[in-house]
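Worksheet: one structure, shown below.
Read-outs throughout are calculated quantities, based only on the coordinates presented, and are distinct from any laboratory measurement. Computed from a predicted model, the values in this text were never measured in an experiment. As a convention, Cβ positions derive from the backbone with ideal geometry for all residues, glycine included, and neighbour counts pool all protein chains shown.
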Amino acid sequence: MGKKQHYKITVNGKEEEFLAEPRELLIYTLRERLNITGPHIGCDTSHCGACTVTIDGKSVKSCTMFVAQADGKDITTIEGIGGPDNLHPLQTAFKEHHGLQCGYCTPGMITRAKKLLEENPNPTEEEIRFGMAGNICRCTGYQNIVKSIRAAAAEMNAAKEAAE
Ligand code: FES
Ligand code: FES
């Protein structure tokens with residue numbers, strides 16, 4: 001067992017302090033230590049993207065990062081994007097356009113899609129497929145995921161225009 005170190009991270013706006021072995025994977029810190037279970041574990045090869053979170057403004061597969069590397073960082077998970085009482089437009093669109101079936105990939109999909117739309121608010125289908133290539137879904141065939149992201153983009157752009 002390695003020596004435990006003191007770490008401080010901010011998750012969904014809440015500061016968390018704890019002792020952990022530096023090599024603990026961030027996905028386990030989130031799920032098992034902090035009980036933030038939105039990010040899922042879908043593989044052990046850093047391929048599936050089910051564990052995607054946003055760290056200091058970048059999409060990161062949290063199974064690829066040690067907790068030591070996350071020290072001092074600002075992390076957003078699906079729980080920080082929206083919940084049952086305040087769905088994000090992406091969550092509403094995935095629900096309305098059947099962008100999910102089993103839902104296992106969905107927290108990572110939506111977390112990644114949110115970042116994608118921040119970087120490119122009006123993406124083409126090809127840009128969505130390229131931007132989402134690190135997130136794998138075993139159920140939907142992707143068609144409805146793309147449709148959901150396009151619908152959310154339209155909704156968010158219309159809301160932005162109305163507010164201007
Ligand atoms: S669990 Fe992280 S990429 Fe699959
Ligand atoms: S909805 Fe089942 S893995 Fe994507």
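In the chain the longest region clear of trypsin sites (Lys or Arg not before Pro) that are loop-assigned by DSSP and have at most 14 other C-beta atoms within 10 Å covers 24-137. Across segment 5-81, C-alpha contacts under 8 Å between residues 6 or more apart give a mean separation that, scaled by the residue count, equals a relative contact order of 40 percent.
What's the exposure ranking of T106, T124, T140, T29, going from fewest to most Cβ atoms within 10 Å?
Numbers: T106 27, T124 11, T140 20, T29 23.
By the 10 Å Cβ count, ascending, the order reads T124, T140, T29, T106.
Cross-link partners of K61 among lysines, defined as those whose alpha carbon lies under 29 angstrom from its own and excluding same-chain residues fewer than eight positions apart: K3, K4, K8, K14, K73, K95, K114, K115, K147.
Amide H to amide H, with H built 1.01 Å from N, E16 comes under 5 Å of I9, T10, V11, counting only residues 5 or more places away or on other chains.
In order along segment 100-107, the Karplus-derived 3J(HN,Hα) couplings, from 6.51 cos²θ - 1.76 cosθ + 1.60 at θ = phi - 60°, round to 8, 10, 6, x, 5, 7, 4, x Hz, and Gly and Pro are given as x. Put a dot 7 Å past the Cα of T37, heading toward its Cβ, do the same for A154, and the two dots end up 3.6 nm apart.
Between the beta carbons of K3 and D85, assuming R0 = 45 Å, the FRET efficiency works out to 0.60 to the nearest 0.05. I'd like to know which of P123, G134, I149 lies farthest towards the positive end of the charge dipole of the chain, counting +1 on Cβ of Lys and Arg and -1 on Cβ of Asp and Glu. Of the candidates, G134 comes out farthest on the positive side.
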